[in-house]
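Read through the structure below, which is laid out as structure tokens, and then see the notes.
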Amino acid sequence: MSTTLGWLYALAAGFLSTYVVQKLCFPYFWRDLLFLMKVIRYGVRLELFKLTSSVRTVLDRFIEQAQRIPNKPFVIYDGTVYTYRDLELRSNKLANVFFHNMRLKKGDCVALLIGNEPDFVSAWFGLAKVGCSVAFLNINIKSKSLLHCFDCCGAKTLIIGSDLLKCLDGILPSLLKSNIQVCTMKSHCEHPQVHTLQDKIDAASDRPVPAVLRATNSLKTPTLYIFTSGTTGLPKAAVITHLQSLKAAGGFWAFGANETDVIYIPLPLYHSAASLIGIGGTIELGATCVLKKKFSASQFWTDCKQYEVTIFQYIGELCRYLCNQPKTEMDQAHRVRMGVGNGLRQDVWREFLTRFGNIKMCEVYGSTEGNLCFMNHIGRIGVVGRSNFFYRLLFKYDLVKYDMAKDKLVKDQHGFCQRVKKGETGLLLAKGDTYFNTGDLMAEDRDGFICFRDRVGDTFRWKGENVATTEVTEILGMVDFIQEVNVYGVEVPGHEGRAGMAALIVRPGLTFDEKKLFEHANRDLPTYARPLFVRLQKVMETTSTFKQQKFQLVQSGFNPKTIADPLYVLDYQQKSYIPLTNQIYQDIVYGGRKL
């Protein structure tokens with residue numbers, strides 16, 4: 001008996017010791033393991049699809065949900081409820097129009113220029129039902145960039161929203177010359193060369209087109225093209241396969257969402273966050289989403305209360321705008337329990353939780369064109385993701401030394417990159433069959449938490465959008481008085497990301513024309529890409545390989561007290577660039593002047 005008790009005591013002591021050691025040395029072990037097992041289970045299901053001829057896509061899942069829960073609200077938009085059945089029938093009508101009237105066929109690529117509205121989803125799924133791949137176009141891009149997008153993806157048809165016809169100004173002749181078929185979601189159009197769709201939709205059947213049109217035998221088949229800023233010029237088309245779409249659709253589920261959730265989507269659908277994670281995730285769960293035409297800080301919590309929102313998508317700027325709103329009794333009168341997004345600064349994160357309640361903020365790190373994803377499933381403030389022994393077995397990545405001043409990788413005597421130590425900042429390289437340079441500087445601490453530090457190269461982020469400096473440089477270089485231009489991003493206190501700034505050299509014999517530069521930037525660049533600050537220089541600094549030097553310019557910022565060169569700031573009221581005075585600088589720094 002005593003021997004048995006001894007064994008039991010020893011066993012209990014062993015379990016207790018193991019528990020204490022685990023808590024002290026591996027405090028996140030079980031949470032990591034359970035989360036990873038959940039992700040692996042979802043991944044195994046996708047792998048099984050790849051091994052069988054029965055491939056189920058996001059569209060197939062939508063059709064399943066429309067049959068399973070036809071009367072459940074799928075999209076709530078501007079107070080109107082659209083059930084799963086409503087959008088299933090609407091997309092069937094569009095599929096019939098695309099197939100019978102427009103003669104689109106399987107394998108065709110169609111460009112979609114539609115804002116946040118239910119018909120974005122209807123057109124997307126209608127095209128997918130016919131077997132077309134779809135290119136999501138940024139509704140803010142201008143003439144040259146818009147035309148470039150067609151060259152990228154090979155689309156020969158453009159479907160444009162009823163409220164975006166102004167985007168055709170100046171480029172319609174070029175589109176028609178390139179034999180691109182242009183259609184609009186209207187019954188009538190003042191442009192005789194633009195086909196109308198609504199009148200044809202009204203007359204179309206809502207019966208499904210043959211399922212064979214959408215069928216695919218490979219999850220690696222391209223289904224979407226989503227445009228990124230590109231680091232070497234104009235926007236680039238990231239190819240999205242069925243597999244990538246399905247992975248993104250599992251994001252909400254991985255964080256613990258379920259079919260009873262109501263998801264608020266205020267982000268633009270032409271980006272992967274709102275379309276693949278937001279719409280795709282809603283469909284995967286069989287949940288409901290509230291689709292917002294455009295984010296409004298003043299309406300956010302009112303909407304959340306009215307529609308009983310439980311999850312919302314965000315970018316860091318969005319949360320800061322909410323924190324900057326006047327305090328009201330609505331601040332915690334809501335059911336929101338989770339936010340999913342990226343780019344949330346530590347100070348804003350803390351203020352957001354203090355003011356709006358105990359909301360689990362789930363940061364996600366990834367890119368449309370990338371091959372690596374981090375997810376902060378723990379909810380640790382200020383980190384974009386979490387790694388551990390198990391994660392590193394499945395996903396290969398490295399943080400390597402990078403010289404910001406020289407804008408290049410640090411290599412050893414053998415020409416190899418050097419890994420950074422725990423806690424040090426390094427350039428994130430993701431492994432596939434070769435290394436993928438993310439262009440992001442990250443740091444990983446001893447507990448495996450990963451923090452975003454900065455972006456390198458020729459891209460910066462402003463107002464929730466990535467800005468390619470080479471694209472802005474190319475467009476500004478068309479101004480007749482500019483000899484050379486160097487575009488970069490500068491930090492502005494109280495703002496996420498970096499604001500655009502351009503260092504210019506004026507051609508000999510010409511003068512800097514503030515109004516002409518404003519008109520050119522306003523006409524040819526989207527709002528977020530227009531340089532907010534201009535610096536006039538006599539000589540442009542370059543590296544030993546004659547590459548424009550940005551580091552010193554970025555470091556010096558836009559303070560007129562410390563910069564001898566003439567500085568200017570974008571002013572929409574005067575429709576010009578105006579001198580950046582010390583007073584204007586102080587107003588910007590302390591929030592008295594909106595950017």
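The values are calculated or read from the model by the stated rules, or taken from the named source; none is laboratory data. Since we're looking at a predicted model, the values are computed, not measured. Quick reminder, even Gly has a Cβ in these numbers, built from the backbone with ideal geometry, and neighbours come from all protein chains shown. Heads up: the accessible areas ignore ligands, DNA and RNA and are worked out on the full protein's heavy atoms, side chains in. Shrake-Rupley method; radii C 1.70, N 1.55, O 1.52, S 1.80 Å.
Would you say residue 174 is in contact with a Ser or Thr (Cβ under 7 Å, 6 or more places away or on another chain), surrounded by fewer than 19 Cβ atoms within 10 Å (Cβ to Cβ) and at pLDDT below 90? First the steps, then the outcome.
Working: in contact with a Ser or Thr (Cβ under 7 Å, 6 or more places away or on another chain): no; surrounded by fewer than 19 Cβ atoms within 10 Å (Cβ to Cβ): yes; at pLDDT below 90: yes.
No; evaluated as a whole, the condition is false for this residue.
Starting from residues that are of a type in the set (A, V, I, L, M) and in a strand (DSSP E or B), keep the ones in the stretch 319-377 and report whichever is surrounded by the most Cβ atoms within 10 Å (Cβ to Cβ). Talk me through it step by step, then tell me what you get.
At the first step, the residues of the stretch 319-377 found to be of a type in the set (A, V, I, L, M) are 322, 330, 333, 336, 338, 340, 344, 348, 353, 359, 361, 364, 372, 375.
The next check asks that each one be in a strand (DSSP E or B); those that pass are 338, 340, 361, 364, 375.
Numbers: 338: 18, 340: 24, 361: 18, 364: 22, 375: 20.
Among residues in the stretch 319-377 that are of a type in the set (A, V, I, L, M) and in a strand (DSSP E or B), the one surrounded by the most Cβ atoms within 10 Å (Cβ to Cβ) is 340.
If I filter the stretch 457-502 down to residues being farther than 17 Å from residue 525 by Cα and in a strand (DSSP E or B), which single residue comes out as modelled with the highest pLDDT?
Looking at residues that are farther than 17 Å from residue 525 by Cα and in a strand (DSSP E or B), I get 490.
Given the structure, is residue 594 part of a loop (DSSP other than H, G, I, E, B) and either under 30 Å from residue 349 (Cβ atoms) or open to solvent by 30 Å² or more (accessible area, probe 1.4 Å) (or both)? Lay out the reasoning, then the answer.
Working: part of a loop (DSSP other than H, G, I, E, B): yes; either under 30 Å from residue 349 (Cβ atoms) or open to solvent by 30 Å² or more (accessible area, probe 1.4 Å) (or both): yes.
Yes, satisfied.
Sort through 179, 217 and tell me the only one that's more than 24 Å from residue 100 (Cβ to Cβ), open to solvent by 50 Å² or more (accessible area, probe 1.4 Å) and of a type outside the set (A, V, I, L, M, F, W, C). Spell out how you get there, then give the answer.
Details: 179 fails: more than 24 Å from residue 100 (Cβ to Cβ).
The match here is 217.
Within the stretch 197-214, can you find the residues that are open to solvent by less than 50 Å² (accessible area, probe 1.4 Å), touching a Leu at 6+ places or on another chain (Cβ under 8 Å) and part of a loop (DSSP other than H, G, I, E, B)?
Those that are open to solvent by less than 50 Å² (accessible area, probe 1.4 Å), touching a Leu at 6+ places or on another chain (Cβ under 8 Å) and part of a loop (DSSP other than H, G, I, E, B): 197, 204.
Which residue pairs have Cβ atoms closer than 8 Å, lie 6 or more positions apart in sequence or on different chains, and pair a first residue in the stretch 126-148 that is under 21 Å from residue 206 (Cα atoms) and part of a helix (DSSP H, G or I) with a second residue that is of a type in the set (D, E, K, R) and open to solvent by less than 10 Å² (accessible area, probe 1.4 Å)?
none
Which of the residues that make up the stretch 555-584 are under 21 Å from residue 512 (Cα atoms), under 31 Å from the mean Cα position of the chain (by Cα), open to solvent by 20 Å² or more (accessible area, probe 1.4 Å) and among the hydroxyl-bearing types (Ser, Thr, Tyr)?
568, 572
Among (1) open to solvent by 40 Å² or more (accessible area, probe 1.4 Å); (2) of a type in the set (Val, Ile, Thr); (3) free of Cβ contacts under 8 Å to residues at least 24 places away in the same chain, where does residue 485 come up short?
Evaluating residue 485 over (1) open to solvent by 40 Å² or more (accessible area, probe 1.4 Å); (2) of a type in the set (Val, Ile, Thr); (3) free of Cβ contacts under 8 Å to residues at least 24 places away in the same chain leaves (1) as the failure.
Considering only the stretch 136-159, state which residues are within 22 Å of residue 267 (Cα to Cα) and either within 21 Å of the chain's Cα centre (by Cα) or surrounded by fewer than 18 Cβ atoms within 10 Å (Cβ to Cβ) (or both).
Matches in the stretch 136-159: 136, 137, 138, 139, 140, 141, 142, 145, 146, 149.
If you check 573, 583, which single one turns out to be in a loop (DSSP other than H, G, I, E, B) and polar (S, T, N, Q)?
Values: 583 fails: in a loop (DSSP other than H, G, I, E, B).
Of the residues listed, the single one that is in a loop (DSSP other than H, G, I, E, B) and polar (S, T, N, Q) is 573.
Pairs please, first residue from the stretch 570-595 and more than 14 Å from residue 560 (Cβ to Cβ), second anywhere and in a loop (DSSP other than H, G, I, E, B) and among the aliphatic types (A, V, I, L, M), Cβ atoms under 9 Å, 6+ apart in sequence or on different chains.
570/532; 570/595; 595/492; 595/532
Take the conditions modelled with pLDDT of 95 or more, among the polar types (S, T, N, Q) and open to solvent by 70 Å² or more (accessible area, probe 1.4 Å) and apply them to residue 306. Does it pass? Show your work before the answer.
Details: modelled with pLDDT of 95 or more: yes; among the polar types (S, T, N, Q): yes; open to solvent by 70 Å² or more (accessible area, probe 1.4 Å): yes.
Yes.
Which one is nearest to the chain's Cα centre (by Cα), of the residues in the stretch 428-447 that are more than 15 Å from residue 384 (Cα to Cα) and in a strand (DSSP E or B)?
439
Please work out which residue is modelled with the lowest pLDDT, limiting yourself to the stretch 30-65 and to residues that are assigned to a helix (DSSP H, G or I) and of a type in the set (Lys, Arg). Talk me through it step by step, then tell me what you get.
Going residue by residue through the stretch 30-65, those that are assigned to a helix (DSSP H, G or I) are 30-51, 58-65.
Among the residues that remain, those that are also of a type in the set (Lys, Arg) are: 31, 38, 41, 45, 50, 61.
Numbers: 31: 79, 38: 80, 41: 80, 45: 77, 50: 65, 61: 95.
Looking at residues that are assigned to a helix (DSSP H, G or I) and of a type in the set (Lys, Arg), I get 50.
Would you mind stating whether residue 496 is within 30 Å of residue 166 (Cβ to Cβ) and either open to solvent by 60 Å² or more (accessible area, probe 1.4 Å) or basic (Lys, Arg) (or both)? So that I can check it myself, show each step before the final result.
Values: within 30 Å of residue 166 (Cβ to Cβ): yes; either open to solvent by 60 Å² or more (accessible area, probe 1.4 Å) or basic (Lys, Arg) (or both): no.
In short, no.
Just to be sure I understand, how many residues within the stretch 65-101 are surrounded by fewer than 16 Cβ atoms within 10 Å (Cβ to Cβ) and either among the polar types (S, T, N, Q) or in contact with a Pro (Cβ under 9 Å, 6 or more places away or on another chain) (or both)?
Total satisfying the criteria: 5.
Go through 243, 269 for me and flag whichever is hydrophobic (A, V, I, L, M, F, W, C), crowded, with 17+ Cβ neighbours inside 10 Å and part of a loop (DSSP other than H, G, I, E, B). Quick ask: steps written out before the conclusion?
Details: 243 fails: part of a loop (DSSP other than H, G, I, E, B).
Just one listed residue meets the conditions, 269.
What single numbered condition from (1) touching a Leu at 6+ places or on another chain (Cβ under 6 Å); (2) within 29 Å of residue 354 (Cα to Cα); (3) open to solvent by 20 Å² or more (accessible area, probe 1.4 Å) fails to hold for residue 313?
Residue 313 satisfies all of (1) touching a Leu at 6+ places or on another chain (Cβ under 6 Å); (2) within 29 Å of residue 354 (Cα to Cα); (3) open to solvent by 20 Å² or more (accessible area, probe 1.4 Å) except (3).
Of all residues in the stretch 381-416, which are in contact (Cβ under 8 Å) with a residue 60 or more places away in the chain and of a type outside the set (A, V, I, L, M, F, W, C)? Working first, answer last.
From the stretch 381-416, those in contact (Cβ under 8 Å) with a residue 60 or more places away in the chain are 382-388, 390-391, 394, 404-407; that's our starting set.
Scanning the stretch 381-416 gives 382, 385, 386, 387, 388, 391, 406, 407.
Could you run through the stretch 378-406 and say how many residues are open to solvent by less than 50 Å² (accessible area, probe 1.4 Å) and either in a loop (DSSP other than H, G, I, E, B) or more than 11 Å from residue 449 (Cβ to Cβ) (or both)?
Looking only at that region, the number is 16.
Scan the stretch 155-186 for residues that are touching a Leu at 6+ places or on another chain (Cβ under 9 Å), polar (S, T, N, Q) and more than 22 Å from residue 118 (Cα to Cα) and report the count.
3
Starting from residues that are of a type in the set (A, V, I, L, M), touching a residue at least 24 places away in the same chain (Cβ under 8 Å) and assigned to a helix (DSSP H, G or I), keep the ones in the stretch 164-196 and report whichever is nearest to residue 522 (Cα to Cα).
Quick first cut of the stretch 164-196, residues of a type in the set (A, V, I, L, M) only: 164-165, 168, 171-172, 175-176, 180, 182, 185, 194.
From what is left, the residues that are touching a residue at least 24 places away in the same chain (Cβ under 8 Å) are 164-165, 168, 171, 175, 180, 182, 185, 194.
Filter once more, keeping what is assigned to a helix (DSSP H, G or I): 165, 168, 175.
Numbers: 165: 18, 168: 16, 175: 22 Å.
Step by step, filter the stretch 164-196, then rank; the result is 168.
Please find, within the stretch 246-265, the residue that is nearest to residue 75 (Cα to Cα) out of those that are open to solvent by less than 10 Å² (accessible area, probe 1.4 Å) and part of a loop (DSSP other than H, G, I, E, B).
261
What about residue 239, is it aliphatic (A, V, I, L, M) and in contact with a Lys or Arg (Cβ under 9 Å, 6 or more places away or on another chain)?
On the way: aliphatic (A, V, I, L, M): yes; in contact with a Lys or Arg (Cβ under 9 Å, 6 or more places away or on another chain): no.
The answer is no for residue 239.
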